[in-house]
1. Sort out which residues of segment 20-55 are over 12 Å from residue 142 (Cα atoms), among the aromatic types (Phe, Trp, Tyr) and not in a helix (DSSP H, G or I), and write them in order of number.
2. List pairs: first residue in segment 35-54 and at negative phi, second residue open to solvent by 40 Å² or more (accessible area, probe 1.4 Å) and of a type in the set (Lys, Arg) anywhere in the structure, Cβ distance under 6 angstrom, at least six positions apart or on different chains.
3. Just for segment 23-73: of the residues that are under 21 Å from residue 112 (Cα atoms) and of a type in the set (Val, Ile, Thr), which one is most open to solvent (accessible area, probe 1.4 Å)?
4. Residue 168 versus (1) open to solvent by 10 Å² or more (accessible area, probe 1.4 Å); (2) without any contact (Cβ under 8 Å) to a residue 40 or more places away in the chain; (3) hydrophobic (A, V, I, L, M, F, W, C): which is the lone unmet condition?
5. Considering segment 183-200 alone, what residues qualify as being open to solvent by 90 Å² or more (accessible area, probe 1.4 Å) and closer than 19 Å to residue 112 by Cβ?
6. Note down all Cβ pairs under 8 Å where the first residue falls in segment 178-198 and is touching a residue at least 12 places away in the same chain (Cβ under 8 Å) and closer than 21 Å to residue 128 by Cα, the second is of a type in the set (Ser, Thr, Tyr) and assigned to a loop (DSSP other than H, G, I, E, B), and they're at least six residues apart or on different chains.
7. Please give the number of the condition residue 215 fails out of (1) in contact with a strand residue (DSSP E or B) (Cβ under 9 Å, 6 or more places away or on another chain); (2) more than 26 Å from residue 105 (Cβ to Cβ).
Amino acid sequence: MTTVNNQLMMMENEQGGEMMNFDQVKAALEKRGYAVSSFETAKDAADYLDQQIDEVSVSFGGSLTLSEMGVPKRLALHNTLCLPSQMYDDELGEVDPIKAMSTDVFLTSVNALAETGEMISIDGIGNRVASMMYGHKKVYLVIGRNKLAENFEKAVWRARNIAAPQNAKRLHMKTPCAVTGRCHDCSSPERICRGVSVLLGKMFRMEMEVILINEDLGL
C-alpha cells in the first residue's frame, strides 16, 4: 500500500470512532451561534427531522448522508419538496434549481467539520454552498462522525483529499484525484472542486441547526 493511501487511512481513522469528541465540537458550534442536536443513530436523527419539518417547502443539497438516512422520502410525505436536480427521485417533488434556492427549509451535509467549529464544503455547481448561507428560513447541516477533523487545517485536508476524490470517483469524473485518491489541484475540465465555502459561524437572519450523528454517513 502506498504512503499516500496509508495517510488517507490514518486521517479517516482519526476522524471517526473513538477519536471523535462530540462534547467539544458541540460546545464550539454553540459558541459560534448554531443550535446543535446530537444523536446516536441515523434513524434517531431522521425521526427528529421528520418531526421538526412539517408542512413547509423543503430543498436539499447533493447529500449522500441524507439519502442514506431516507430523509427526502420521509419529508415528501408531509412537505412540499423542490429539488435542485434529478439526483433525487422526480416523484418526490418538483425539479427546479432556482425555486430550490428559496424554500423555507434547506438540508445538506458538509465535507468536513473541525472540532473547533469550522465547516468546509466543496462544490462544482454551487447550489449547495450558496443555499447553506442564504435564501432560507432554516438550514439543517446533518453530519456523521466520519466528517469530523481535529482542527481547521485537517478539515480542509479532509474535504480536498478524502471527500472530493471519492465524490469524483462516484460521479465517474475523469480527474486525477478519481484515480489516485488525493487532490492534485488539477485543471481538468471535469474538476468538481470549483468553489470552497467555510462556515465560520451562523449566518445572520437565518436559523441554522447542526445535527451530529454517531455513525459514519456519506463521504
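1. Residue satisfying the conditions is 34 alone.
2. Correct list of pairs: 36/26; 50/74.
3. Selected residue: 41.
4. With (1) open to solvent by 10 Å² or more (accessible area, probe 1.4 Å); (2) without any contact (Cβ under 8 Å) to a residue 40 or more places away in the chain; (3) hydrophobic (A, V, I, L, M, F, W, C) applied to residue 168, the lone miss is (1).
5. Filtering segment 183-200 down to residues open to solvent by 90 Å² or more (accessible area, probe 1.4 Å) leaves 185, 187, 189, 194, 196, 200.
Of everything in segment 183-200, those that are open to solvent by 90 Å² or more (accessible area, probe 1.4 Å) and closer than 19 Å to residue 112 by Cβ turn out to be 185, 194, 196, 200.
6. 190/175; 191/175; 192/175
7. For residue 215, the failing item is (2).
Conditions tested, residue by residue: (1) hydroxyl-bearing (Ser, Thr, Tyr); (2) without any contact (Cβ under 8 Å) to a residue 12 or more places away in the chain; (3) open to solvent by 30 Å² or more (accessible area, probe 1.4 Å).
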residue	(1), (2), (3)
116	yes, no, yes
124	no, no, yes
128	no, no, no
131	yes, no, no
134	yes, no, yes
149	no, no, no
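The values are calculated or read from the model by the stated rules, or taken from the named source; none is laboratory data. The structure displayed is predicted, hence computed values, not measured ones. Ideal geometry is used to build each Cβ from the backbone, glycine not excepted, and the neighbour counts take in all protein chains shown. In case anyone asks, the SASA skips ligands and DNA or RNA and just uses the protein heavy atoms, side chains included. Shrake-Rupley method; radii C 1.70, N 1.55, O 1.52, S 1.80 Å.
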